[in-house]
Amino acid sequence: MTEELLRLENVSFGFAGHGSLLRAADLSLAAGEALAVTGPSGCGKSLLARVLCGLPPRRLWWRGRLRWQGRILEPGQEESAAWQAIRGAGVALVPQEPATGLNPVRRVGDQIAEAAALWGQKGISPRTVVLDLLQEVRIPHPRQVARRYAHELSGGMRQRVLLAAALACRPRLLVADEITTALDSPVQRDVLLLVREICRRRGMALLFISHDPDLVAWMTDRAVQIVGGRLREGIYGSGRVGDRAPSAGPQVVAESVAASPVLEATDLHVLHRSGVAAVRGVDLDLRPGEAVGLAGESGSGKTSLARALARQIPLAAGSLRLDAEDFLACRGARLRQARRRIQLLFQDPGGSLNPRLRIGRALQEAGLPASAPVADLLREVDLDPDLQGRYPHQLSGGQRQRVALARALAAEPAVLMADEPTSALDPVSTTRILDLLDRARSRRRLGLLLISHDLGHLLERCDRVLVMLGGVVLEEIPASEGIAARHPYTRALLAALPAALRAHHPGLFYAPSTTPSELPERGRRLSRCPHEPRA
């Protein structure tokens with residue numbers, strides 16, 4: 001008979017003054033079993049993971065009972081010896097956002113070594129343990145990576161480092177909380193394959209939290225779903241969106257062709273301190289009310305280009321004009337004023353919102369005019385005005401992203417750059433954010449630069465799309481002509497679109513490499529495009 005590892009008995013939780021998110025939940029998990037917890041954004045999936053690990057957020061109440069291998073764990077006693085005995089060595093958590101799960105001022109190798117010293121094998125050199133773990137999670141050049149800081153690694157590499165730190169504890173149960181939502185498709189696949197393989201090899205149980213029903217079916221033995229505050233077996237009403245019609249074009253095409261560009265870049269070059277050319281010779285113009293998409297894999301230069309356009313990083317060469325003025329010539333107060341005209345919406349809203357400020361205060365500090373109440377701005381992004389009294393950690397991922405959008409709009413910008421704004425969200429929240437961006441662009445006549453590795457979203461939402469690879473724009477295509485893309489790499493991205501679309505174009509293909517996270521040598525960059533040598 002399979003050993004029962006974990007059992008929840010009549011567990012409920014919620015935030016003080018806001019009712020219950022989960023009510024009277026019962027759940028069991030056997031040793032070596034892979035169980036999924038799914039549900040829409042904000043339903044309490046991540047909070048359930050925190051409760052199971054004995055790490056409930058402040059102001060979260062919970063009641064009920066947990067049994068770990070028969071031992072009873074009570075709420076409110078998370079610092080007791082019983083809880084500490086299972087935290088780490090029993091249960092290890094890999095969080096959704098690797099940027100917030102790693103200490104930014106410590107080398108990643110030191111952080112893994114610390115976890116190994118607390119919970120791992122005794123009598124083995126910490127350096128040996130760190131290198132072995134980095135090799136186990138398939139990080140190339142482990143000695144180099146161990147000496148790096150979190151910001152020097154890609155998203156996929158950071159997620160692997162977090163996995164290595166969790167494995168250092170030698171847990172019986174691995175809790176993986178939306179670990180691939182912020183990664184592009186090839187990296188996502190590699191990380192999930194790795195997690196599944198390691199769990200099977202080590203005999204670990206897996207609690208896999210996701211909003212993606214396809215990943216749930218592929219990764220786990222069974223699934224439960226949080227629906228209306230209740231925990232139910234199986235996946236009900238996943239709301240999976242059907243395949244996109246092959247002939248569909250943008251929903252709305254802005255009448256902005258005749259307008260002068262609000263932002264114009266010519267022959268932009270960006271060189272990182274490491275010697276890697278992040279952006280090479282890019283031309284881009286953006287008109288009021290126009291939506292331009294920027295597509296490409298992780299590391300292709302999309303974010304570097306956006307930050308250069310906003311003058312957040314220096315240019316190596318090129319010219320940049322904002323409202324027909326030389327943006328590069330702006331200094332001092334004039335530069336600060338000009339920068340307010342360009343607002344960025346980041347991939348990780350949790351990292352861009354001050355955790356110590358309530359939502360209302362954060363919007364006021366963003367420069368909200370006195371004549372525009374905070375409540376009106378929250379309504380504009382479809383949020384309840386009562387949320388202005390909450391802190392960012394008390395909101396779901398979709399709500400935090402809408403707060404970040406409201407903060408960007410508070411500055412009354414002319415240009416809004418949205419860098420992977422939906423990559424960490426469930427399908428319902430993704431649609432809502434994209435609809436809000438469309439609405440803000442139309443109402444405020446914003447120039448919108450929408451950055452994504454999901455070419456399908458860009459084709460549906462933008463007037464035209466630029467495809468980047470290796471810091472270069474390979475081609476620019478009107479969204480309505482996306483299927484007729486000429487470059488093989490663009491066609492490879494199109495191959496990731498829904499099956500019904502690919503069926504009409506059997507020539508589309510995708511050939512990812514076997515080592516997508518390999519570190520580049522100084523001065524060069526790796527790509528997953530099999531055609532780049534001939535591009």
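Residues checked against (1) touching a helix residue (DSSP H, G or I) at 6+ places or on another chain (Cβ under 6 Å); (2) under 30 Å from D132 (Cα atoms); (3) of a type outside the set (D, E):
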{"site": "L6", "(1), (2), (3)": "no, yes, yes"}
{"site": "H18", "(1), (2), (3)": "no, no, yes"}
{"site": "L29", "(1), (2), (3)": "no, yes, yes"}
{"site": "G32", "(1), (2), (3)": "no, yes, yes"}
{"site": "R63", "(1), (2), (3)": "no, no, yes"}
{"site": "G88", "(1), (2), (3)": "yes, yes, yes"}
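When you look at L194, is it free of Cβ contacts under 8 Å to residues at least 40 places away in the same chain and either surrounded by fewer than 21 Cβ atoms within 10 Å (Cβ to Cβ) or not in a loop (DSSP other than H, G, I, E, B) (or both), yes or no? For L194, the condition - free of Cβ contacts under 8 Å to residues at least 40 places away in the same chain and either surrounded by fewer than 21 Cβ atoms within 10 Å (Cβ to Cβ) or not in a loop (DSSP other than H, G, I, E, B) (or both) - is not met.
Set side by side, the residues L328, L268, L305, L322 differ, and just one is touching a strand residue (DSSP E or B) at 6+ places or on another chain (Cβ under 7 Å) and surrounded by fewer than 16 Cβ atoms within 10 Å (Cβ to Cβ), which is L328.
When L183, L207 are screened for being in contact with a strand residue (DSSP E or B) (Cβ under 8 Å, 6 or more places away or on another chain) and in contact (Cβ under 8 Å) with a residue 40 or more places away in the chain, only L207 passes.
Scanning the range 19-44 for residues that are touching a residue at least 60 places away in the same chain (Cβ under 8 Å) and not in a strand (DSSP E or B) returns S20, L21, A31, G32, E33, G39, P40, S41, G42, C43, G44. Within the range 331-352, the set of residues being buried (at least 17 other Cβ atoms within 10 Å of the Cβ) and within 30 Å of L102 (Cβ to Cβ) comprises R339, I342, Q343, L344, L345, F346, Q347, D348, P349, G350, S352.
Checked against (1) within 25 Å of V279 (Cα to Cα); (2) in contact with a strand residue (DSSP E or B) (Cβ under 9 Å, 6 or more places away or on another chain); (3) surrounded by fewer than 20 Cβ atoms within 10 Å (Cβ to Cβ), T490 passes all but condition (3).
For M157, the conditions (1) of a type in the set (A, V, I, L, M); (2) buried (at least 18 other Cβ atoms within 10 Å of the Cβ); (3) modelled with pLDDT of 90 or more all hold with the exception of (3). Would you check if there is a residue in the range 167-180 being at pLDDT below 85, surrounded by fewer than 24 Cβ atoms within 10 Å (Cβ to Cβ) and hydroxyl-bearing (S, T, Y)? No, the range 167-180 contains no residue that is at pLDDT below 85, surrounded by fewer than 24 Cβ atoms within 10 Å (Cβ to Cβ) and hydroxyl-bearing (S, T, Y).
Out of all the residues in the range 236-245, is one or more in a loop (DSSP other than H, G, I, E, B), at pLDDT 85 or above and either under 30 Å from E33 (Cα atoms) or not polar (S, T, N, Q) (or both)? Steps first, answer last, please.
Of the residues in the range 236-245, the ones in a loop (DSSP other than H, G, I, E, B) are 236-245.
Still in the list and also at pLDDT 85 or above: none.
No: zero hits.
If you go through the range 14-35 and keep only what is within 25 Å of R71 (Cβ to Cβ) and within 26 Å of the chain's Cα centre (by Cα), you end up with L22, A34, L35.
With the structure loaded, tell me whether A375 is outside the structural domain of V428 (by TED's automatic domain parsing), within 26 Å of P98 (Cα to Cα), modelled with pLDDT of 90 or more and small (G, A, S) or whether it fails that test. Outline the logic, then answer.
Working: outside the structural domain of V428 (by TED's automatic domain parsing): yes; within 26 Å of P98 (Cα to Cα): no; modelled with pLDDT of 90 or more: yes; small (G, A, S): yes.
No, not satisfied.
For the structure I just gave you, tell me whether L294 is assigned to a strand (DSSP E or B) and within 21 Å of the chain's Cα centre (by Cα).
Details: assigned to a strand (DSSP E or B): yes; within 21 Å of the chain's Cα centre (by Cα): yes.
It is true that L294 is assigned to a strand (DSSP E or B) and within 21 Å of the chain's Cα centre (by Cα).
Screening the range 141-165 for residues that are in a loop (DSSP other than H, G, I, E, B) and more than 23 Å from the chain's Cα centre (by Cα) and picking the one that is nearest to R196 (Cα to Cα) gives H141. If I filter the range 199-215 for residues that are modelled with pLDDT under 75 and within 24 Å of R441 (Cβ to Cβ), do I get at least one hit? Looking for residues that are modelled with pLDDT under 75 and within 24 Å of R441 (Cβ to Cβ), one finds none in the range 199-215, hence no.
The values are calculated or read from the model by the stated rules, or taken from the named source; none is laboratory data. Remember, predicted model here, so these are calculated numbers, not experimental data. When we count neighbours, we look across all protein chains shown, and the Cβ atoms used for this are built from the backbone with ideal geometry, even at glycine.
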